[in-house]
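Since the structure comes first, as structure tokens, the remarks are kept for the end.
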Amino acid sequence: MIKSFNGITSLILGLGLVGSNFYALNIASNKDSIPNIANLPNTDFSSFSIRSDKTKDGHSWAIAQNQHSPKTLLEFRDIKEEKPTFNGKVKKSDSYIHRETVAYAYRPIVQEGSKGLTAKEIKCIEKGAMGTSNGEMIGSSIGAATTPAIMQVPIIGPVASGVWFGLARKKSGKLGNSIATQWNDC
């Protein structure tokens with residue numbers, strides 16, 4: 001059987017490692033133990049607060065979210081116009097515009113009568129898309145080169161290597177987009 005102190009120590013540490021991993025997997029698989037924070041919807045105007053309360057009866061979680069603040073943008077304009085009439089006189093009119101729109105995070109609201117995107121905005125979008133795709137290609141190659149080494153980690157290796165590959169691709173794409181837009185003065 002086990003003839004030395006080192007053998008007993010190795011056996012106890014091995015059982016503890018396996019037991020702790022099974023315990024962590026059990027906790028992670030229980031839906032009621034941890035709220036799923038990764039799937040919360042968000043925008044640039046989102047805010048979240050998470051509170052955990054431990055009582056004698058159990059454990060409770062409270063999540064408060066404000067998804068879109070400000071929800072709307074208000075615009076008021078007074079317009080004074082002078083229009084010529086058929087008999088040669090000038091008709092004066094006072095009007096006002098009250099517009100309520102949803103807040104945008106990425107570009108200003110297009111006003112009525114505008115032609116849409118300018119040539120510079122279109123160029124910036126194209127350069128950003130090219131930078132994103134080039135960055136994702138570089139990130140994929142980095143992820144593919146390092147994934148076999150991460151795969152060798154016991155128990156969590158296959159999952160960690162997949163997460164690493166996806167993160168390398170996404171972060172490199174964002175970095176490529178940022179570099180491309182800054183390089184082209186967008």
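The values are calculated or read from the model by the stated rules, or taken from the named source; none is laboratory data. This structure is a prediction, so every number in the text was calculated from the model and none was measured. All Cβ positions, glycine included, derive from the backbone under ideal geometry; neighbour counts span all protein chains shown.
Numerical summary
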| quantity | calculated |
| --- | --- |
| Per-region count, the range 102-137, residues under 30 Å from LEU167 (Cα atoms) and at pLDDT below 60 | 4 |
| Counted residues, the range 126-150 - those being crowded, with 17+ Cβ neighbours inside 10 Å, farther than 13 Å from LEU175 by Cβ and not β-branched (Val, Ile, Thr) | 2 |
| Qualifying residue in the range 159-167 (condition: surrounded by 17 or more Cβ atoms within 10 Å (Cβ to Cβ), touching a helix residue (DSSP H, G or I) at 6+ places or on another chain (Cβ under 7 Å) and touching a residue at least 40 places away in the same chain (Cβ under 8 Å)) | no |
| Test: residue in the range 13-28 that is loosely packed, with under 11 Cβ neighbours inside 10 Å, out of contact with any helix residue (DSSP H, G or I) (no Cβ under 9 Å at 6 or more places or on another chain) and modelled with pLDDT under 75 | yes |
| Pair list, Cβ < 7 Å and 6+ apart or interchain, from the range 114-132 residues that are not assigned by TED's automatic domain parsing to the domain that holds SER172 to residues that are modelled with pLDDT of 90 or more and among the aromatic types (Phe, Trp, Tyr) | none |
